[in-house]
Amino acid sequence: MKITQDEIVEQQTVLHIELDDNDIDPYLERAYKKVVQRVNIPGFRKGKAPRRIIEQFFGKETLINETLDYMLPEITGNAITENDLDAVSIPSINLESIDPFQFTATVPLRPIVDIGQYKDIRLAKENVSLPEEAINDRIEQLRLSVATWEPVDRSIETGDMVSADINGQIGETDILTEKDAVYLINEEIDRPFPGFSEKLIGLDTDNPTEFKLEIPDDFNDPDIAGQTVNFHVTVKDIKHRVLPELDDQFAQSIGEGHKTLGDLKEEIEKSLKEEAESESNRSYRESLILELIEGSSIILPPLLIEHEANRMMEEQERMVTQANMVFDDYINSIGKTREELSDEFQTTAKDQLIRSFVMSKLSEEESVDISDEDIDNRIDELFANSEEDVPTSSRTAEMKTYIRNSMQVEHTIERLESIARGEESNEVKKEQNTKKEPKGGDDAPKS
């Protein structure tokens, strides 16, 4: 096997690999053993024809094609090891010729990461404050959640809920036909079209009405965008929302433990403060990570970004397909093309990879290590409140790897927070304590 390597550019390199007959022969033998079991050769029992006969019947190229799927990755892996390359993702392989057998493998290498003067990062965390109206806003949300709808004998107003028979046409073509359709009259809701809800305001029940609606040019359905729709609407009933009184009875209806409205307000205040603190912590950590990334430099192999973007696209397509949608229809519904979506995934993939490798570098620099004992303790914590024993499935290699990675990220972020507060790492403190000389006692140096 002959291997030549191109220069490393943007942390990826190309291997040019040429095989001779001796290199290929073991793979041809494996391919022969597969092919001979499924073909019939005159004069031989099935599975007993010699390899030379199989090659005469089907050609050497057929056997080579049979083995390419595992031969090329296997030989590429050996070439990567032989050339001592630190590959970080699957190589891209391109077969150039079969006679002579030549192919290239583009190998993405581990990114070069420099996190700069990260120990100089200083960022104060803002104090959490709760707006005065926050408690009242939450109570209003609760009132809305338990409100009732009661019929009214008047014209439609904003905030009402109506049922109606609706027919919408562009020219002679029906684009919308609904019986007893229920709509909430809200100017912020664009169902079924922007501005439709406003057109219903002022209508009465059992009074067939016609109106025109101009559909915006940027509407997500290009067949309807910019068109004029003629609507025929008959309102069946109108209901308005009735909010409960703000009293102890309302508080008791929300959940157990709230005997008075004051109890409910205290619980809401406590909950809002916890939410605000949680969001403050999340925002603070995100700011620190962005600060770290801003001061870092990284060279990512383009092939690694491409692979990650493709994985994201495939995952998106899988989820859409599981929802019983055609992927191209989904893309059209969000107003994008495949190329635009692919470009977005490229950007997202690059950002996520930069984040991952920068955090990994910080973890390495700060010697953040998760022991097996740490993992076992975390598993025990997760099931501490369970009446059953810790399931065996929680201690599989895959689960332990997941927990290790999760804890690695968690502890690395905690270390970044400590750096931002100007605190030294535990390792530095240990080193300083080790270097300190004893100040007295029997072990003190004698003058």
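The values are calculated or read from the model by the stated rules, or taken from the named source; none is laboratory data. Given the structure is predicted, the values throughout are model-derived calculations rather than measurements. Positions of Cβ are generated from backbone atoms using ideal geometry, with glycine treated the same way; all protein chains shown enter the neighbour counts. Keep in mind that these areas ignore ligands, DNA and RNA; they rest on the heavy atoms of the full protein, side chains included. Shrake-Rupley method; radii C 1.70, N 1.55, O 1.52, S 1.80 Å.
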Residue under evaluation E140, criteria (1) of a type in the set (D, E); (2) over 23 Å from R191 (Cβ atoms); (3) open to solvent by 80 Å² or more (accessible area, probe 1.4 Å), criterion not met: (3)
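Within segment 103-110, can one find any residue that is in a loop (DSSP other than H, G, I, E, B) and touching a residue at least 24 places away in the same chain (Cβ under 8 Å)?
Yes, there is a match, as at least one residue in segment 103-110 is in a loop (DSSP other than H, G, I, E, B) and touching a residue at least 24 places away in the same chain (Cβ under 8 Å).
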L95 being open to solvent by 30 Å² or more (accessible area, probe 1.4 Å) and modelled with pLDDT under 95: no
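Every residue in segment 101-127 that is open to solvent by less than 60 Å² (accessible area, probe 1.4 Å) and more than 17 Å from E10 (Cα to Cα), please. Before you say what the answer is, go through the steps one by one.
Our first condition is that a residue be open to solvent by less than 60 Å² (accessible area, probe 1.4 Å); within segment 101-127, this holds for 101-109, 111, 113, 115-116, 118, 121, 123.
F101, Q102, F103, T104, I115, G116, Y118, I121, L123 - these are the residues of segment 101-127 that are open to solvent by less than 60 Å² (accessible area, probe 1.4 Å) and more than 17 Å from E10 (Cα to Cα).
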Only residues that are among the small types (G, A, S) and closer than 14 Å to S271 by Cα: list them for segment 128-151, please. S129, A134
Residue set I298, I289, I268; condition open to solvent by 20 Å² or more (accessible area, probe 1.4 Å) and either in contact with a strand residue (DSSP E or B) (Cβ under 6 Å, 6 or more places away or on another chain) or part of a helix (DSSP H, G or I) (or both); output residue I298
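Hey, can you tell me all the residues within segment 20-64 that are open to solvent by 80 Å² or more (accessible area, probe 1.4 Å) and either under 21 Å from E96 (Cβ atoms) or outside any loop (DSSP other than H, G, I, E, B) (or both)? Break it down stepwise before answering.
Going through segment 20-64, the residues open to solvent by 80 Å² or more (accessible area, probe 1.4 Å) turn out to be 21-22, 30, 33-34, 37-38, 40, 42-46, 48, 52, 56-58, 60-61.
Scanning segment 20-64 gives D21, N22, R30, K33, K34, R52, Q56, F57, F58, K60, E61.
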Among V358, V390, V368, the single one that is at pLDDT below 90, within 27 Å of Q408 (Cβ to Cβ) and touching a helix residue (DSSP H, G or I) at 6+ places or on another chain (Cβ under 7 Å) is V390
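Only one residue in N127, N83 is closer than 30 Å to E7 by Cβ and polar (S, T, N, Q). Which one?
N83
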Listed by first then second residue, the pairs whose first member lies in segment 139-163 and is touching a residue at least 40 places away in the same chain (Cβ under 8 Å), whose partner is among the aliphatic types (A, V, I, L, M) and part of a helix (DSSP H, G or I), with beta carbons under 7 Å and at least 6 positions apart or on separate chains, are I139/I268; L142/I254; I156/L200; V162/L200
Against the conditions (1) assigned to a helix (DSSP H, G or I); (2) more than 16 Å from I139 (Cβ to Cβ), where does A251 fall short? Just the number, please. (2)
Has segment 54-74 got at least one residue that is of a type in the set (A, V, I, L, M), out of contact with any helix residue (DSSP H, G or I) (no Cβ under 6 Å at 6 or more places or on another chain) and closer than 27 Å to I298 by Cα? no
Give N220, N324 a once-over and let me know the one that is assigned to a loop (DSSP other than H, G, I, E, B), in contact (Cβ under 8 Å) with a residue 12 or more places away in the chain and open to solvent by 50 Å² or more (accessible area, probe 1.4 Å). N220
Just one of (1) at pLDDT 95 or above; (2) touching an Asp or Glu at 6+ places or on another chain (Cβ under 6 Å) trips up D114, so point out which. (2)
State yes or no: is E308 charged (D, E, K, R), closer than 28 Å to I8 by Cβ and either under 17 Å from the mean Cα position of the chain (by Cα) or not in a helix (DSSP H, G or I) (or both)? yes
So which of S367, S386, S360 ends up being farther than 21 Å from S89 by Cα, open to solvent by less than 70 Å² (accessible area, probe 1.4 Å) and either of a type in the set (G, A, S) or in a helix (DSSP H, G or I) (or both)? S386
Could you tell me which residue of segment 65-92 is least open to solvent (accessible area, probe 1.4 Å), considering only residues that are over 21 Å from P111 (Cβ atoms) and among the acidic types (D, E)? E66
